[in-house]
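Novice: Have a look at this one.
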Amino acid sequence: MLLPGTLLAESFLLPENGDDVIGAIGLTTTRHEDTLSDLAWAYDQGYREIRHANPGVDPWLPGEGTEIIIPSRYILPDAPRKGIVINVPEMRLYYFPKTRESEPARVYTYPISIGRRDWSTPHGVTRIISKIKDPTWTPPKSIKKEHAERGDPLPDVVPAGPDNPLGQFAMRLGIPGYLIHGTNKPYGLGMRVTHGCIRLYPKDIKELFEQIPVGTPVRIVDQPYKAGWLKGKLYIEAHPPLEESDKKGYQLLVNAISKAFEKVGKGKVDWNKVKQVAQEHTGMPVLVGVAAASQGGDSVRMVDSKDIPEGSEIAVETERPEQETNESGPPSASFTELF
């Protein structure tokens with residue numbers, strides 16, 4: 001069994017030439033005691049994203065020898081690549097640190113938990129206004145009332161320590177009352193369980209806390225559908241929209257594709273594959289098209305949904321990586337560049 005938190009958070013070089021796709025899909029094989037929560041924690045994934053990447057797997061009893069997809073490939077959000085970008089429906093945070101002239105640009109990405117529907121995480125542009133190690137927690141009246149009604153009364157102040165739900169590190173946002181913080185209950189991270197704050201695994205918030213300076217810009221966006229390029233190929237990524245969001249529907253994915261084509265002008269798209277991705281919401285990038293310079297011949301201009309053809313325009317074939325084995329230690333994951 002993988003020990004929780006044994007793998008580091010993911011760090012990637014920013015793609016060259018303005019490309020948008022980072023990372024690689026991984027595969028691992030379970031042991032009989034593994035759960036999807038164990039694997040999510042070990043591979044720095046959120047619970048929901050690993051569930052959606054493995055829809056036919058029992059999350060609590062996947063069984064011995066079950067092949068599990070580690071969805072460690074991402075399309076970067078459509079936002080400036082500086083500071084922190086949080087894509088709420090994706091339940092993932094991206095950090096673009098400043099780089100020195102001699103260093104390549106990098107991006108760090110972490111799974112997060114977000115606010116429940118009745119305590120939605122806000123959207124907008126803000127910044128980190130302070131950092132607190134070993135924070136205390138002063139529950140607001142609304143949360144104290146909620147806990148009291150459940151028969152679980154809270155004190156006026158929760159001291160730092162193992163019982164503090166903020167964990168060991170917290171960063172206060174310019175939006176009053178909201179934090180990026182750790183947790184004392186890491187299992188199940190990657191779900192809608194907070195009162196609006198952004199929650200990270202303990203090891204991830206420690207790593208982020210040590211890097212982030214006060215004043216770092218923070219952009220919180222609502223992008224369930226993303227589209228981006230890698231080496232002339234178009235990928236799309238679909239996450240379940242937030243229940244309360246107006247950002248729903250196939251047209252939004254079409255709009256994301258249309259915006260992506262502003263970079264290249266012309267190309268071809270497999271619209272049948274696009275519709276499939278929109279229905280399945282696996283949260284993983286899927287190849288659906290090519291730029292004109294990559295595929296040659298005649299091309300079509302992407303403008304609006306009225307231009308969607310009835311049939312597929314390109315054939316898309318997928319591959320799965322070879323599984324690596326590790327007989328002496330915990331199951332290892334093989335990561336590969338697909339396409």
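Novice: Among the listed pairs LYS206/LYS231; LYS82/LYS247; LYS82/LYS273; LYS98/LYS141; LYS248/LYS273, which are separated by more than 27 Å between their Cα atoms?
Specialist: LYS206/LYS231; LYS82/LYS273; LYS98/LYS141
Novice: Okay, moving on. Pull up all non-local amide H partners of ARG106: gap of 5 or more, or a different chain, and H-to-H distance under 5 Å with H placed in the peptide plane.
Specialist: When sequence neighbours closer than 5 places are left aside, the close amide H contacts are LEU14.
Novice: Another question, then. For segment 116-132, just list the computed ³J(HN,Hα) in residue order, Karplus coefficients 6.51, -1.76 and 1.60, θ = phi - 60°, integers in Hz, with x standing in for Gly and Pro.
Specialist: So the J values, rounded to whole Hz, are 5, 4, 7, 9, 4, 5, x, 10, x, 10, 8, 7, 7, 9, 6, 10, 10.
Novice: What is the extension gain from ASP152 to ASN255, computed as 0.36 nm multiplied by their sequence separation minus the C-alpha to C-alpha distance, in nm to one decimal?
Specialist: Working it through step by step, the gained length comes to 32.5 nm.
Novice: Oh, and also: If Rh is defined by the Kirkwood formula over all Cα pairs and Rg also comes from Cα, what ratio Rg/Rh do you get for segment 5-145?
Specialist: On the Cα set of segment 5-145, Rg over Rh gives 1.01.
Novice: Whole-Hz ³J(HN,Hα) for each residue in segment 32-38, computed from phi via Karplus 6.51 cos²θ - 1.76 cosθ + 1.60 with θ = phi - 60°, x for glycine and proline: what do you get?
Specialist: 4, 8, 6, 10, 5, 5, 4
Novice: Set the Förster distance to 22 Å, then compute FRET efficiency between GLU244 and SER142 from the Cβ-Cβ distance, nearest 0.05.
Specialist: According to the calculation, E is roughly 0.80.
Novice: Something else now. Once fully extended, how much extra length lies between LYS266 and GLU280, figured as 0.36 nm per residue of separation less the alpha-carbon to alpha-carbon distance?
Specialist: Working it through step by step, the gained length comes to 2.4 nm.
Novice: What do you get for trypsin sites (Lys or Arg not before Pro) in segment 137-242 restricted to DSSP loop and a cutoff of at most 16 other Cβ within 10 Å of the site's Cβ?
Specialist: ARG150, LYS231
Novice: Among the chymotrypsin sites (Phe, Trp or Tyr not before Pro) in segment 161-208, which ones are in a DSSP loop with at most 16 other Cβ atoms within 10 Å of the Cβ? Mind listing them?
Specialist: TYR187
Novice: At R0 = 56 Å, how high is the FRET efficiency between ALA105 and LEU61 if r is their beta carbon distance? Nearest 0.05 is fine.
Specialist: 0.85
Novice: Next question. Note down the magnitude of the dipole of segment 36-194 about its Cα centre, charges +1 on Lys and Arg C-beta and -1 on Asp and Glu C-beta and zero elsewhere, to the nearest 20 debye.
Specialist: Charge dipole, segment 36-194, about its Cα centre: 740 debye, nearest 20.
Novice: Give the distance, in whole Å, between the Cα centre of segment 86-155 and the Cα centre of segment 238-284.
Specialist: Computed from Cα coordinates, the inter-centre distance equals 27 Å.
Novice: What length, rounded to one decimal in nm, is gained on full extension from LYS185 through to LYS98, with 0.36 nm per residue of separation minus their alpha-carbon distance?
Specialist: 28.2 nm
Novice: To the nearest 0.05, what FRET efficiency results for LEU13 and LYS231 with a Förster distance of 22 Å applied to their C-beta separation?
Specialist: Plugging the Cβ-Cβ distance into 1/(1 + (r/R0)^6) gives 0.95.
Since every read-out is calculated from the coordinates, none of them should be taken as a lab result. These numbers were taken from a predicted model, which means no experiment stands behind them. Note: ideal-geometry Cβ built from the backbone for every residue, glycine included; neighbour counts use all protein chains shown.
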